[in-house]
Every structure is written in C-alpha cells, then in structure tokens.
1. Could you please let me know if Val329 is touching a helix residue (DSSP H, G or I) at 6+ places or on another chain (Cβ under 9 Å), β-branched (Val, Ile, Thr) and within 19 Å of Gly295 (Cβ to Cβ)?
2. Please name all residue pairs, on different chains or six or more residues apart, with Cβ atoms under 7 Å, provided the first residue is in region 333-354 and is touching a residue at least 24 places away in the same chain (Cβ under 8 Å) and open to solvent by 40 Å² or more (accessible area, probe 1.4 Å) and the second residue is small (Gly, Ala, Ser) and assigned to a strand (DSSP E or B).
3. I want to confirm something. Restricting to region 152-185 and keeping residues that are part of a loop (DSSP other than H, G, I, E, B) and under 30 Å from Pro58 (Cβ atoms), which single residue is least open to solvent (accessible area, probe 1.4 Å)?
4. Of all residues in region 307-320, which are in contact (Cβ under 8 Å) with a residue 40 or more places away in the chain, within 25 Å of Leu339 (Cα to Cα) and either open to solvent by 30 Å² or more (accessible area, probe 1.4 Å) or part of a loop (DSSP other than H, G, I, E, B) (or both)?
5. State the number of residues belonging to region 191-215 that are more than 21 Å from the chain's Cα centre (by Cα) and open to solvent by 20 Å² or more (accessible area, probe 1.4 Å).
6. Name the strands (runs of 3 or more DSSP E) wholly inside region 64-151 in which the number of residues that are open to solvent by 30 Å² or more (accessible area, probe 1.4 Å) is 2 or more.
7. I'd like the full set of residues that are over 21 Å from Asp371 (Cβ atoms) and surrounded by fewer than 19 Cβ atoms within 10 Å (Cβ to Cβ), limited to region 285-306.
8. Within the bounds of region 193-205, is there any residue that is in contact (Cβ under 8 Å) with a residue 24 or more places away in the chain and outside any loop (DSSP other than H, G, I, E, B)?
Amino acid sequence: MKKNPILESLSSKKVRYGGYATLLVLGALAVVIVINVLVDQVPGKLDLTKNKIYTLAPETYKLLDSLKSDVTVTTIGKPGSEDPTVKALLAKYASHGGHVKLATVDPDLNPGWAKQFDTTGQGLGAGSLVVESGKKFKTIGQYDMYNYDTSNYDPTNPNSAPRLTSLSIEQRVTSAIQYVTAAKNVTIYQLTGHGESTLASLGLTTAVGNENYEVKDLNLLTDKTVPAGADIVLVMAPKKDISGEDADKLRAYLAGGGRMVVLLDVITAANPTPNLAGLLATYGVEVRNVVVVEGDTNKVAAQNPLFIIPNLEYHDILSPLRTNNYDMVLIGAQAIKTLDLKKRTLKIEPLLTSSPRSYGKVDIANAKSVDRTPQDIPGPFDLAVAITDPAQDAGGQDTRLVVVGNVKFLQGGMPGQVPGNGDFFMNSIGWLRGQKDSITIRPKDVSQMRLSMSQLEALLFSGLVVVILPLLILGSGLVVWLRRRHL
C-alpha cells in the first residue's frame, strides 16, 4: 500500500514538536486572557505607584470609621467628565463605611444648585467638589487639589507651563469631611499690636485652613479681655514687649483653662520683654537671652552650627514626626530654662533639645563668631517645652502652653523645605485643643525622579544593553537552531 505523503509529513517529529509549541503558546494566551478577565472583575486594585497616589491614608480610614452621619460629595460637571484620579479616590471614600455618598451635578442643567454653595461669588468651575453634611458644607476648587511649581514658568512663553508636583485630593477631601461632621470648629486668636508675626506672614494660612481652624486677630489694646470663644491664642515673636495690663489679661485667660502657643525671636538688650517674661514665669519657664550653637556636626544642617537639628523627645506632639522619620531644623534657637521656683502642680515636658556638645552664646548681638568662648554656657538645652497646669476644679479644663525659643523655623518657607517644622507647629495646635491623634494628610508627590549615573555606570549599562544582551539572544537562538537541526 502506497503511503500518503501528507499524512506521513504530519507524523514527523518536526510537525509534532511544532504542534506542541503551538498548543503551548495558545494555552499560555488563554491563561493570560482568563486572568485579565478575572482580575478586571475584582473590586480591589493594587496601587503600584511610588507614593501610593490611589491609596487612602490610615488617618482617613479612621475618620471614615468614626462617622455617625452621612456625607455627600458632589462633583460639579457633566457626568462622565470627572477627573479619573479624583473619581478613583472618591470611590474609595464611598466604599468604606457606607457614610460617604457620591453625586454629580451638571451646572448647565441645574445652574442654581452650585450658586448656593458659592460663598466667594467667583463661581464654582467644572471639577470642583462640594462636601456637605446636614447644614454644613465646604467647597474644594478644581485647582485646589493640585500643587504646581511655577518657579520656571514664563507666562509670555506659549510653550511654558507650571509643573505638577503633588496631589492634594485626599488632604482636601478628608479635611472637608472632618469640618462638616465636627460638632464645633476650633477658633484661634493671634495676638497683634506688638509687631508680631502672623499666620499670613509665615505662609501658614492655607495649612491652618486645611485643618478647619477659624483664625481671628486679638488686639488687647481694644479688647478688655480675651474673648470667651478663644480656643487657642498665638503669641508669635512680638518685636516689642506687651504691656502689664495685656499680660494680666493673658494670665487671666490661661488661669481659666486657656491654651497658648508662644514663639519668641532672639531677645537682646535692645528689645527686652519683661512683661512677657513674667507671664511665662507664672508657668515655670524662662526664655534665656542665649542663642544655642550646636557643637555636634551630626546635628547641624548646611554645615552651620546655628542650624540645629534638635533631638525629638517623647511626646504626643512628636509621635507623628517619629513615625514619618521627619527631622526639624531650628535657626538661631534660644534656650528655655525651667525655673526652680514654680508651682508644684506644673508639668513641664521638653519637646526639642540640643546635644550635650552644644553651648549658648550669651551676647549673640555683639559676638564676632560662633566659636566657643569661656563666657559661653555649656549645653544641653531645652529648645521647646510643653506645659500643663491641671485644673483646680473637677470638670475644669487644664491649662496648656507650648513655648518655643524660636520663630525662624516657620519663616522663609521653612515648613515647605523641612516638613517636620510645619508638622510640629500643627501638631502643637492639635495637642492644645486636646486632639491626641492628629489627622495630618500630606500632599502626594508626583514629580518624576531622575536616575543619576556616573560615567562608569553609564558605560557598564551601555555595554549590557548594546553588547551583552544581543549576544545572549544570539547565543540562545543558535542553541535552539542547532538542536532543531538534528531533529
């Protein structure tokens, strides 16, 4: 019987091996397709971005778990036109706890709806959010959720544009939810009339606003007392001393369970502050006319002994900094001394301290250098302290103060350059108001990280890509060809 050449060719080893290979490829493709279909049906997604852009912080989840009332987050714009990043994050809010509801309102179909939330009269553009619960609401502009670097932006150049650096979506939305669900919002009064720094001059208005604090000015020249609604009073680097009468008003406020932050710039013989010093002495501390110089080179920034990286002591204010591995930098900090003669009930806790190798320059205004002299005072020193004076009556509120012998750590954009500086200030306010676990959501960096390589590393990498990898591919192909040649 004559053999069929077609059937004979199909039964050859080459065809069998080729068929096996084809089946393996088709099987692999089928597995990949099935896996993709199944993964697409899973509600949870993996966030593989470097800074977890699509992942909510634990503080946000803790807030969502504590909600007792419903919150509605409404996006202004046509349905389907939402920013995909904002939409993805809002979906995570809605999927956790069940108290956050999402909605979209088209301003063209319902123009009157957005106007009721437009408190500035400038309109709410497409992409803006309205967060509301009950009778309280807070709006988030479409551009408030993104941070841009405009340092190299040239408005006259059509090819120039601001560079997106970070996303503030979670920071804004979590803050808004916290605001609309809070039973009472904290009011901060900042002392004026003595050349003080203000939150605006320090560039902290946005940071404080994001924490839902209401800020008002306090002028004791016109106000007979500190207002009863003052939850916290800020005394920030007065250029001249407060009057004795002003000191008495502040003393009376503190005696009633008041809360206060005191930041002091360098005190010299030319600008003494005896009345303010007397107020602080009531609570057992003295800010000395001593500028601290750090002698430990591992505890200084920019190789400048006046730029101190302080030790972070153990306190609720500093716990978030420790968790995030944040350092601080104090420039020209003054030493704080705990007085021997003070009320027995006072609890004075160091927050920031210098190293044992530090020393204090007594007359910094006339010092020709920061080199150590026999007149200098040996360290270490307290640079910031937290003070608690327990309430005398049952049910009363404890008096609390945070005293820092420095204000420059908040000036000149320092909180932006050293995140720990800004967090320390905000955490101090949180501790004063009695908030042990502060909610601090930072913007998430989206700037591209560049790969830096030396010339040798670049040469080795080029050799790997241009020479070694092609040779490996060629070699593997040659091996396969030789094996199949003998089939």
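1. Values: touching a helix residue (DSSP H, G or I) at 6+ places or on another chain (Cβ under 9 Å): yes; β-branched (Val, Ile, Thr): yes; within 19 Å of Gly295 (Cβ to Cβ): yes.
Yes, satisfied.
2. If the second residue must be small (Gly, Ala, Ser) and assigned to a strand (DSSP E or B), the pairs left are Glu349/Ala386.
3. First, the residues of region 152-185 that are part of a loop (DSSP other than H, G, I, E, B): 152-162, 168, 182-185.
Among the residues that remain, those that are also under 30 Å from Pro58 (Cβ atoms) are: 168, 182-185.
On the way: Ser168: 4, Ala182: 30, Ala183: 113, Lys184: 125, Asn185: 43 Å².
For region 152-185, the residue satisfying everything is Ser168.
4. If the condition is that a residue be in contact (Cβ under 8 Å) with a residue 40 or more places away in the chain, within 25 Å of Leu339 (Cα to Cα) and either open to solvent by 30 Å² or more (accessible area, probe 1.4 Å) or part of a loop (DSSP other than H, G, I, E, B) (or both), then Pro310, Asn311, Glu313, His315, Asp316, Ile317, Leu318 are the ones that fit.
5. Taking region 191-215 and keeping what is more than 21 Å from the chain's Cα centre (by Cα), we get 191-197.
Then drop every residue that is not open to solvent by 20 Å² or more (accessible area, probe 1.4 Å), which leaves 192-193, 195-196.
Residues flagged as more than 21 Å from the chain's Cα centre (by Cα) and open to solvent by 20 Å² or more (accessible area, probe 1.4 Å) within region 191-215 amount to 4.
6. Details: elements: 71-76, 100-105, 129-133, 136-140, 146-149.
Output list reads 100-105, 136-140, 146-149.
7. Applying the first criterion (over 21 Å from Asp371 (Cβ atoms)) to region 285-306 yields 285-287.
Hit for region 285-306 is Glu286, nothing else.
8. Residues of region 193-205 in contact (Cβ under 8 Å) with a residue 24 or more places away in the chain: 193-199, 202-204.
Going one step further and asking which of them are outside any loop (DSSP other than H, G, I, E, B), we end up with none.
No - not one qualifying residue is present in region 193-205.
The values are calculated or read from the model by the stated rules, or taken from the named source; none is laboratory data. Just so you know, these numbers come straight off a predicted model, no measurement behind them. Backbone-built Cβ (ideal geometry, glycine too); neighbour counts: all protein chains shown. With ligands, DNA and RNA removed, areas are computed over all heavy atoms of the protein, side chains included. Shrake-Rupley method; radii C 1.70, N 1.55, O 1.52, S 1.80 Å.
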